[in-house]
Each structure stands twice: as structure tokens, then as C-alpha cells.
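*Asks:* Quick one: the structure is below, and I'll ask about it shortly.
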Amino acid sequence: MTYPKTILTRKIRLTIMGLLFILFFVISPLVIMYTAGYRWDPVSKKIKETGVLSVNIEPEDSEVFLNDIKIQKNLPLYLPNRAPGSYRIKLALPGYKTWEKDIDIESKKTTYIKDITLFKDNLPTKISETDELDIDTIYPSNSGRYILLVSQKNNVYETDIFDTQNKDLETLSRIKSDLKPEVIWSPFANYLILQTKSGKQTNLQIIDTENNNSTSYTFYYPIENIAWSTNTSEPLVFAEDRNIIYTLDLNTKKKITSSVNNSWLLDDKQNLWSIDKQNNLTTVIDGKITKLGNLSEKIEKIVDINENRIILKTDRDVIIAKINNLEIESVQSLNTQEIFYNQNTDEWLTWPAWELWSIYKNGETSLLNRTGNRIDQVLPLDEHGVVLLSSENKIVGFNPGYYTEHELFKNGSIEKVGVNFETRKIFFLGEVAGKHGLFELDY
């Protein structure tokens, strides 16, 4: 039998066999390394282990896009074996604001996208329950659950309390006065002080809005210095009347100090902290007076105290003094004036017109935002630290953790804002489409 001629000589066959062996020993490790989570990084020109992307947000039917490619999986997402590098992530759902950000996935690390709830894409609506009121101003509680409405007609001031959750409206008082009622909400609970003046008498009303309970006390001079106790189990107020501090609750009025001359505050154990005439920070504990140190700037108000720091205000700054063993350890001055206690994160937010700072329990501070848009008011939008930034014609949602902003409302007039983050509703007094009143905005 005659075999056909072939070019596969023995030498060629051996060469092919050798190449196959070489390819096997080159490709096999690459395949194994690839399946084990290793990738070539063109930037560092090195082989690196992959990273992981974890996405867990609300609503759970949101769509996730990575570099404009839709991920065909339901939330929460766990995406392993992602090559290290920069990615553009987009979270989208019809009826909601799209969330986008550049993220980095690092070798052998998990990148988490969490604690995010997409903002609804809505327009504000007028609250009809308040249509009959000619609202002059509003005072929302820190939680946003309640809003005190003040209306004025011919020197008669009417105050109404509006429950933003149940949409109930209740009249608290109508009084003829040359002075607008003073309203002070507790930073720590839904308790309210309403100070009014009738003739020569000043009336101080303490209101527990949740339990619909109140008590009034009469003074013969306006009460200028008032502070709330951090105790939230029941309303407790410290009020200074002609250099004497009293405690006021829903049952009794008690004198607790004989004389104070300057700024003061009582801590959660009712120890008195004050600024003396020489601008020293002092405290009285168990009857013993201790000077913690001198402050270089004149203090107008003591805002808050804990075991680590004390927050104070001058006429132009907020001062944070760290304290240790009843001594001032360090002092930091922030060029801010407005300050608000965020119950959800247990931190104080303070701002001038163009910056937002956070003051933590340990006395540390952090610059959260520097913006070209004026900041008039800052309020919490959820329990994760997302906040509302409002100006006279715009409301913005800002997430400090990811440094992202979303415009929630613009092209209107905004006078005062409140937020009920439990129902995810924003309430504001202002003008929308030529109509003035109280509006709500689902976010």
C-alpha cells in the first residue's frame, strides 16, 4: 500500500508537540490564576487579585449599571472577581433620581455601596389643612414630626401645632401682643417651649407634643436664657430669671442656683457649667468650683457638654474645647454660626453660608461639604447621615459618605424647612407656582 506524501515530517511533529506542551504549561497557570481571581493590572503592570463589589440599597427593585452595562441580577448584589480599577456605577429606577458615582475596586478588598435610598423625583404639593391660616413663620421640631405655625392678624398671634404624620392641626393659643411668640424646640425630643408676653407678664408654656400635655409658668420679666435637659424621658427645662436658674417640668418649678452672671449650661447630671467674668470655663460638681481654663474669645452661649468636649458660641464662631480630667486639653474654632443637633447620628452640624462641618462626641470635627451654593438650613434626611441643604430657592439632598448631591426642588421661594425622615417628607413654608403656604415634598 502506498501512503500519500505529507509535509508532517518527524521533525515538524516533534516541534508541534513541543509547542503544545509549552502552550499547556503557559495557558494552564493563567486559566487557574484567572479562576482563582487574579487579573493583569495595566496601570501597575502587575498581576493582582480581584476585588468584590457589594451593592445593597433601597428600593430593592433598582437597576445597577457598571460602566453603563446593566447588571442582570437583583439587589442586594455581590459581584466577586472584579478587576481592580475605576468604575462608573449608576443606580436607577423610574420615578427616582438617578445616583451615579466613580468608584474604585481594589485588590483583595470589598467595595460597599450601601446605606443609600434613592430620592423620589417629585414636585411639592400644598397642604390643604393649613389653607385657612395666614402663616407668618414655622418652627419645625428636630425630628420633623411636628411643626409650630405662627400666624398674625392685627397684633393677634395665633399658634397652631401641625402633626406632619397624621395631618392633624390643633390651635395652641391666640394672644394680642406687640412681640412675636418665642419658640424653642428641644434638640433631643419633641418637647416645645412657647414664650408669650401679655401686658407686664411673660408666659412660659412647656408642651409635650407627643402626649398632648402642657404646663404654663408666669414670670414678670422675659426669660432670655433657656436650656433643655438632655434627658428625653420627660420635658425638663432650665430657665434663668434675673440671674437665678430654675428647673421647670410639667409639674413643678424649682430654684437650683443662687446666682449666675454669664453664659451657663447644666449637664445630664445637673452640674453647672458657666463662663466667669474673666472668661474662664468653670464647673460646679458636688459643691466644688473648678476652673478648667481661660478662653481667648468672649463666649455668648454654651451649646452642649459631654465628658469629652464642650461646644460654645461667640458672636462669630463655634468653639470646640476638648476636656480631660476637668482641664481644657485643646481648643478649635470654626468660622460658623448656625448649629443643629442630628439625633440620628448623635453629632452636631454647624455651618456658615458655604461650608458644612460635623462635631462628633469625642470632640473631633470634619468638613463635610464646601459648596458654591449658599446654605441657609441643614436637616437630617435619614439615619445614615444624609442631609438636606436649603437656600432661598433650592433644596438639595447631600450624602457626605459618598459626596453626592441631588437637586430635590428649585425655582420656588423657600422660607423655612422641616423634615420628617420617618415618612420621608420635606415640609417648607414658601411659594410654589405663585401660591404661598405650607408645602410637602415626598423624597
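The values are calculated or read from the model by the stated rules, or taken from the named source; none is laboratory data. Please read these numbers as outputs of a predicted model, since none were measured by experiment. Ideal geometry is used to build each Cβ from the backbone, glycine not excepted, and the neighbour counts take in all protein chains shown. Calculation scope for accessible area: heavy atoms of the full protein, side chains included, ligands and nucleic acids excluded. Shrake-Rupley method; radii C 1.70, N 1.55, O 1.52, S 1.80 Å.
*Asks:* Can you name the residue in region 78-107 that is of a type in the set (S, T, Y) and part of a loop (DSSP other than H, G, I, E, B) and, of all such residues, is most open to solvent (accessible area, probe 1.4 Å)?
*Replies:* Once the filter is applied, the top-ranked residue is T98.
*Asks:* Mind checking which residues of region 288-319 are open to solvent by 40 Å² or more (accessible area, probe 1.4 Å), over 20 Å from K361 (Cβ atoms) and of a type in the set (S, T, N, Q)?
*Replies:* Listed by number, the residues that qualify are N294, S296.
*Asks:* A further question follows. Considering only residues that are in contact with an Asp or Glu (Cβ under 8 Å, 6 or more places away or on another chain) and open to solvent by 30 Å² or more (accessible area, probe 1.4 Å), look in region 130-167 and name the one that is farthest from V387 (Cα to Cα).
*Replies:* N155
*Asks:* Out of the residues in region 255-269 that are assigned to a loop (DSSP other than H, G, I, E, B) and among the aliphatic types (A, V, I, L, M), state the one that is nearest to N231 (Cα to Cα).
*Replies:* I256
*Asks:* Please indicate, with yes or no, whether at least one residue in region 85-106 is modelled with pLDDT under 95, farther than 30 Å from V396 by Cα, of a type outside the set (D, E, K, R) and under 38 Å from the mean Cα position of the chain (by Cα).
*Replies:* Looking for residues that are modelled with pLDDT under 95, farther than 30 Å from V396 by Cα, of a type outside the set (D, E, K, R) and under 38 Å from the mean Cα position of the chain (by Cα), one finds at least one in region 85-106, hence yes.
Table: residues versus (1) among the polar types (S, T, N, Q); (2) in a strand (DSSP E or B); (3) crowded, with 21+ Cβ neighbours inside 10 Å; (4) in contact with a Gly (Cβ under 8 Å, 6 or more places away or on another chain).
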position	(1), (2), (3), (4)
V331	no, yes, no, no
N344	yes, no, no, yes
W348	no, yes, yes, no
R374	no, no, no, no
D382	no, no, no, no
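*Asks:* Please list, ordered by residue number, the strands (runs of 3 or more DSSP E) wholly in region 389-443 having 2 or more residues that are without any contact (Cβ under 8 Å) to a residue 60 or more places away in the chain.
*Replies:* In region 389-443, the matching strands (runs of 3 or more DSSP E) lie at 394-399, 404-410, 413-420, 425-432.
*Asks:* Would you say S259 is open to solvent by 60 Å² or more (accessible area, probe 1.4 Å) and within 22 Å of S173 (Cα to Cα)?
*Replies:* Judged against the criteria, S259 is not a match.
*Asks:* Filter region 160-212 for residues that are closer than 21 Å to V419 by Cβ, in a strand (DSSP E or B) and hydroxyl-bearing (S, T, Y) and give the result.
*Replies:* Selection gives Y191 alone.
*Asks:* Now a separate question. Within region 214-224, which residues are within 29 Å of the chain's Cα centre (by Cα) and either on the phi > 0 side of the Ramachandran plot or open to solvent by less than 70 Å² (accessible area, probe 1.4 Å) (or both)?
*Replies:* Within region 214-224, none qualify.
*Asks:* Looking at L149 and the list (1) in a loop (DSSP other than H, G, I, E, B); (2) over 21 Å from P380 (Cβ atoms); (3) under 24 Å from the mean Cα position of the chain (by Cα), which single condition is not satisfied?
*Replies:* In the conditions (1) in a loop (DSSP other than H, G, I, E, B); (2) over 21 Å from P380 (Cβ atoms); (3) under 24 Å from the mean Cα position of the chain (by Cα), L149 misses (1) alone.
*Asks:* Here's something else I'd like to know. Tell me which residues, restricted to region 108-146, are outside any loop (DSSP other than H, G, I, E, B) and either of a type in the set (D, E, K, R) or within 25 Å of Y78 (Cα to Cα) (or both).
*Replies:* Within region 108-146, T110, T111, Y112, I113, K114, D115, I116, T117, K120, K126, E129, D136 qualify.
*Asks:* While we're looking at this one, here's another question. Taking region 417-443, which residues are open to solvent by 50 Å² or more (accessible area, probe 1.4 Å), among the acidic types (D, E) and either at positive phi or at pLDDT 95 or above (or both)?
*Replies:* Those that are open to solvent by 50 Å² or more (accessible area, probe 1.4 Å), among the acidic types (D, E) and either at positive phi or at pLDDT 95 or above (or both): E431, D442.
*Asks:* Could you check, for region 206-213, whether at least one of its residues is within 26 Å of S143 (Cβ to Cβ), over 30 Å from the mean Cα position of the chain (by Cα) and of a type outside the set (A, V, I, L, M, F, W, C)?
*Replies:* no
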